[in-house]
Amino acid sequence: MPDFASLEYWDNRFEKDSKPFDWLVPATALRDVTQDMIEAEALQEAEILHIGAGTSDCFVLRELVSNPGQIHNVDYADPAVAIGQTRERELLTKEDDKEQNRDLLDIIDNKHDSVQQTELPKSMRWSCMDLLDLRTTLDLHRSQLQAGKLYDLVLDKSTSDSIGCGADLHLILPYALSINGWTRRLQGSGTTQPAHVHPLHILAVHLAALTTPRTGRWLAISYSEDRFPFLPPFPPTAGNGLLSDDAIKAGFPHPHQLWRLETKSRIELEEKEETLAERKKRLSLGYVHRPQVSHWLYVLKRTDALVTA
């Protein structure tokens, strides 16, 4: 089985195949659930962080905002970012060519003398970064504060699924990010403690630092009915993703204090036509009826707890 948490896997995949590909559901599905949230919460000026953009059809996300710069597409595989930027530029060029052709026809019809050259529309933001890396997160946090606004929405289509495949990460606690400066008292003692923490706990703390308290949302589409180990009921063991009491006491903030599950809903997928080969394989495995395939939409809301460095 591929190591979906490995940078090497994703670099190799994107270098070999640059064609647009969307995991689980089309990019339009992510756009639509985001549009619903924007309309429900009056977030027309939202700053949007799209994590694990990959080679998804990110272009459709431009429809969500008046200024494409409000959308920040992030992936930790450099080839994916390069592919996304190039594809957006190509699509913008095609749209611009169509617009100029329409202008030319209008001018001919109206017997005007010239065609004015127009500039390409502004592009979305693109960055290659690892949001499990503390320094990267702190730098992005600082950059957003300097720009005057944290993110309002985090979009995640199976990125948490990939990250959740990874091994626990080795940390030295107390952690630099804390809730309301709590770990500063621990840091003052001068004692440190090593710990191994599930990557989704780390991602949740980092995203909390980057999003607006009390109103920020994390929209995650996942194949798993039980994706986030920081949401109750908590897993029984560390092997299942439980954040240990020792890690919390040593200074790692519990993500449950930062995120609450607002809604969790099933996404039913349209059944595609089954090929003869697929039917034969299903019957050979003893499955008489085709199983219903569905995924899950999680909407997590930021609490009012401040994350400070």
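Quick note: the coordinates plus some simple rules give every number you see, no bench work behind them. Bear in mind the structure is a predicted one, so any value in this text is a computation, not a measurement. Ideal geometry is used to build each Cβ from the backbone, glycine not excepted, and the neighbour counts take in all protein chains shown.
So here's what we get for this one:
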| quantity | calculated |
| --- | --- |
| Charged-residue dipole, Cβ positions (Lys, Arg, Asp, Glu), region 7-105 about Cα centre, Debye nearest 20 | 300 debye |
| Computed lengthening from Glu63 to Glu15, 0.36 nm per intervening residue step minus Cα-Cα distance | 14.5 nm |
| Net charge, Arg125 excluded, C-beta distance under 11 Å - Lys, Arg +1, Asp, Glu -1 | -1 |
| Amide H partners (placed H, <5 Å) of Leu269, local residues excluded | Val293, His295 |
| Sorted by Cβ neighbour density within 10 Å, fewest at the top, the residues Arg260, Arg13, Arg135 | Arg135, Arg260, Arg13 |
| Paired Rg and Dmax values of region 34-95, which use every Cα atom, in angstrom | 12.3, 35 |
| Phi to ³J(HN,Hα) by Karplus 6.51 cos²θ - 1.76 cosθ + 1.60 over region 50-61, Hz, x for Gly, Pro | 9, 8, x, 4, x, 9, 4, 7, 5, 4, 5, 5 |
| Ranked list, fewest to most other Cβ atoms within 10 Å of each Cβ, for Met1, Met37 | Met1, Met37 |
| Note, ³J(HN,Hα) from phi for region 38-43, Karplus 6.51, -1.76, 1.60, rounded to Hz, x at Gly and Pro | 4, 5, 5, 10, 6, 10 |
| Neighbourhood net charge (15 Å Cβ-Cβ; Lys/Arg +1, Asp/Glu -1) for Pro194 | -1 |
| Order of Leu242, Leu64 - criterion: other Cβ atoms within 10 Å of each residue's Cβ, fewest first | Leu242, Leu64 |
| Efficiency of FRET between Gln35 and Thr191 - r from beta-carbon atoms, R0 35 angstrom, step 0.05 | 0.10 |
| Relative contact order computed over region 1-74 (Cα-Cα under 8 Å; 6+ residues apart), in percent | 33 percent |
| Amide proton proximity set for Leu173, modelled H, under 5 Å, gap of 5+ | Gln193, Ala195 |
| Extension gain from Leu7 to Asp245, taking 0.36 nm per residue of separation minus the Cα-Cα distance | 82.7 nm |
| Over 29 Å between alpha carbons, listed pairs Lys16/Lys264; Lys16/Lys149; Lys19/Lys149; Lys16/Lys94; Lys122/Lys264; Lys94/Lys157 | Lys16/Lys264; Lys16/Lys149; Lys19/Lys149; Lys122/Lys264 |
| Charge sum, other residues only, whose C-beta stays under 12 Å from Leu243's C-beta, Lys/Arg counted +1 and Asp/Glu -1 | -2 |
